[in-house]
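Quick note: the coordinates plus some simple rules give every number you see, no bench work behind them. Since we're looking at a predicted model, the values are computed, not measured. Cβ coordinates were reconstructed from backbone atoms using ideal geometry, including for glycine residues, and neighbour counts include every protein chain displayed.
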Amino acid sequence: MSEQKQILYVQTTDAPEKQYSPLVLAQTAKAMDIKAIVYYLGTGLRILKPGEAEKIKLGNFPSVKEMIDKALDMGVEILVCEASKRMLGLEKVDLIPGVKIVGAATLNDLVLDVDATQWF
C-alpha cells in the first residue's frame with residue numbers, strides 16, 4: 001500500500017488577492033485524499049492576527065477567515081513560522097485558534113519530505 005501523497009502550500013504575503021489560492025488548493029487536496037499543509041511565512045502571518053482574515057472577502061468567495069476555518073475543519077494543517085512572527089513584532093500577539101507555531105527548520109524538513117510544494 002502506498003503512502004499518502006502530501007502537498008505543502010507556502011503563503012508568503014498578506015496581499016488580499018493572494019489569500020484564496022493556497023486555501024482553495026489545500027481544501028481540494030484534502031478532498032482528493034492528499035495531505036495538505038499551509039505554511040505561513042513572512043508578511044503572510046498578518047492575516048492570522050485575530051480580526052484580520054474576516055476583513056478580506058473578494059468576489060463571491062467566503063471571507064478568508066471562513067476559508068481558513070473550513071480548511072482547519074477538513075484537517076488541513078496550518079503552520080506558522082516562529083521567526084517571521086518575531087520579525088513582524090508579533091511575538092506577544094496571539095494568532096487565530098488552530099494554527100501551530102513552528103521553527104524555521106520545519107519548513108526545510110517539509111520541503112524535503114513532501115511530494116510537491118507551491119509558493120504564494
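Within 10 Å, count the other beta carbons around each residue, average over each peptide in 20-26, 34-40, 107-113, and list them highest first. Please list the in-between numbers first.
Details: 20-26: 20.9, 34-40: 22.4, 107-113: 12.4.
Sorting 20-26, 34-40, 107-113 by mean packing, highest first, produces 34-40, 20-26, 107-113.
Roughly how big is the chain's charge dipole about its Cα centre, with Cβ charges of +1 (Lys, Arg) and -1 (Asp, Glu), in debye to the nearest 20?
Values: 14 positive and 16 negative charges, 66 e Å.
For this selection, approximately 320 debye.
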Residue (of Pro22, Thr106, Leu58) at the positive-pole extreme of the chain, dipole from beta-carbon charges: Leu58
Answer label, with Cα extents along the principal axes in Å calculated from the coordinates and candidates [x] 48, 29, 26; [y] 54, 29, 28; [z] 44, 36, 21: [z]
Value of [θ]222 nm, deg cm²/dmol, for the chain, DSSP H segments ≥ 4, -39500 (n - 2.57) each, nearest 500: -9500 deg cm²/dmol
